[in-house]
Amino acid sequence: MDINVFYGILIPFLGTSAGAACVFFMKKNLNEQIQRALTGFAAGVMVAASIWSLLIPAIEQSSGLGKFSFVPAAVGFWIGVLFLLLLDHMIPHLHQNSDKAEGPKSKLQRTTMLVLAVTLHNIPEGMAVGVVYAGYLTGHAQITIMGAMALSIGIAIQNFPEGAIISMPLRSEGKGKTKAFAGGVLSGIVEPVGAVLTILAAGLIVPALPYLLSFAAGAMLYVVVEELIPEMSAGEHSNIGTIFFAVGFSLMMILDVALG
C-alpha cells in the first residue's frame, strides 16, 4: 500500500485518540455549550465533505453517462441512507444528552451504548476516507493525494471532540482514566478498519467507485440530520451550534478546494 494512503487512513483515528486523551488533562465533563459548538462543527465538516469530497467526484466520474451522470450518485446516496437507517435499528445505542436508548432492547450498560452510538457514525466516516483513497489509487477518479488528505484532516479535526465527548462522560460515570480513554479510542477503531475494507472493495470493482463515494455521503448525511443537528440545536443558545456548523463547513470546503 502507498505510504501516503497508510498515513491518510490513520489520521482520522489519531484525531479520535487525541480527543479521548483529554480525559488525562481535564477534570470536569465538557461544558454543554462547548459540546454543542463541537457537535455543530463536526456536522459542518461532514456536510461539506459529503458534497466536495464525495458527491461531486461521484458525478464527475460518471460524466460519460451524459444527462444521467447523476444516477450513480443518487442511487449510491440512497443506499447509504438506508444502510445507516438499518444499522440504527439493529444496534442498541444511546445518544449524548439522552436517557432513552435506540435500537433493539438491550441490557448493555449506558456507557457501552454511548460508545456504540459514536462507533455507529464513525462507520460512514471510515468508508468516506477509504473510498476517496481508493479513487486516488485506481486513478479512475479526479482525486489527488492532497484532496484525499484534505478529507482525512477534516475528519480528524472533527474526530478530536468526538473522542473527548466519549471519554469525558465515561470518566464522570465512574470509569478509570485509562478505561475512559480506551472507550474513546475503541469508538474510532472502526474508521481505519472501514477504510481498508472499502479500499479492498473498490479495488475489486472499479466501476462501483461512484456508487461507493455517494454511499459514504448518504451515510454521513444521515448521521448529521438524525443525530448531530438535533444535539446541536436542543435547548437554549442553539445559535452557537449553528455558527460552529458554518465554521466546520467553510473550513472543510476551503481544505478540499485548496488542497484538492
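The values are calculated or read from the model by the stated rules, or taken from the named source; none is laboratory data. Predicted model only: the values in this text are computed from it and were never measured. FYI the Cβ positions are ideal-geometry reconstructions off the backbone, even for glycines, and counts take in every protein chain you see. Heavy atoms of the whole protein, side chains included, go into the accessibility calculation; ligands, DNA and RNA do not. Shrake-Rupley method; radii C 1.70, N 1.55, O 1.52, S 1.80 Å.
Taking the chain as the reference, fit the longest principal axis to its C-alpha atoms, fit the long axis of helix 3-20 to the helix C-alpha atoms, and give the angle between the two in degrees, 0 to 90, nearest 10.
20
Leaving ligands, DNA and RNA out of it, report the carbon-plus-sulfur percent of the accessible area of the chain at a 1.4 Å probe.
Answer for the chain: carbon and sulfur cover 71 percent of the accessible area.
Measure nothing fancy, just the Cα-based angle from helix 209-223's long axis to the longest principal axis of the chain, in degrees from 0 to 90, nearest 10.
20
Accessible area per residue for the chain in Å², computed with a 1.4 Å probe and the full protein assembly in place, what is it?
45
So if we plug the beta-carbon distance of ALA208 and LEU85 into 1/(1 + (r/R0)^6) with R0 = 30 Å, what FRET efficiency do we get, rounded to 0.05?
So the FRET efficiency works out to roughly 0.90.
Any chance you could give the angle, 0 to 90 degrees and rounded to 10, that helix 145-172 forms with the longest Cα principal axis of the chain?
On a 0 to 90 degree scale, this one is about 20.
Could you order HIS89, HIS121 by accessible surface area, starting with the largest, using a probe radius of 1.4 Å?
Greatest to least solvent exposure: HIS89, HIS121.
How about segment 191-244: which GluC sites (Glu not before Pro) there lie in a loop by DSSP and see at most 15 other Cβ atoms within 10 Å?
Those satisfying the criteria are GLU236.
For segment 172-260, what is the charge dipole size about the Cα centre, in debye to the nearest 20, if Lys and Arg each add +1 at the Cβ and Asp and Glu each add -1 at the Cβ?
340
Just how many pairs of Lys in segment 3-259 have C-alpha atoms closer than 22 Å, counting pairs that are eight or more places apart or on different chains?
So the count works out to 9.
Name the shape class, rounded, prolate or oblate, that the alpha-carbon gyration tensor gives for segment 33-109, where a ≥ b ≥ c are the square roots of its eigenvalues, rounded holds for a/c under 1.5, and otherwise prolate holds if a/b is larger than b/c and oblate otherwise.
Since a/c reaches 1.5 but b/c is at least a/b, the shape of segment 33-109 is classed as oblate.
Cα convex hull of segment 78-226: mean projected area in nm², to one decimal?
So the Cα hull casts an average projection of 9.1 nm².
What percentages, rounded to whole numbers, describe P(r) for segment 3-259 computed over all alpha carbon pairs with 10 Å bin width beginning at zero?
Histogram of Cα-Cα distances, whole percents per bin: 8, 32, 37, 18, 5, 0.
Determine how large the accessible area of LYS179 is when every protein chain is in place; take a 1.4 Å probe and give Å² rounded to the nearest 10.
We get 150 Å² for LYS179.
Quick check: with the 1.4 Å probe, what order do ILE3, ILE59 take by accessible area, largest first?
Solvent-accessible surface, decreasing: ILE3, ILE59.
How long is the gain from VAL225 to VAL193 if the chain were fully straight, where each residue apart is worth 0.36 nm and the alpha carbon distance is subtracted?
Gain on stretching VAL225 to VAL193: 9.1 nm.
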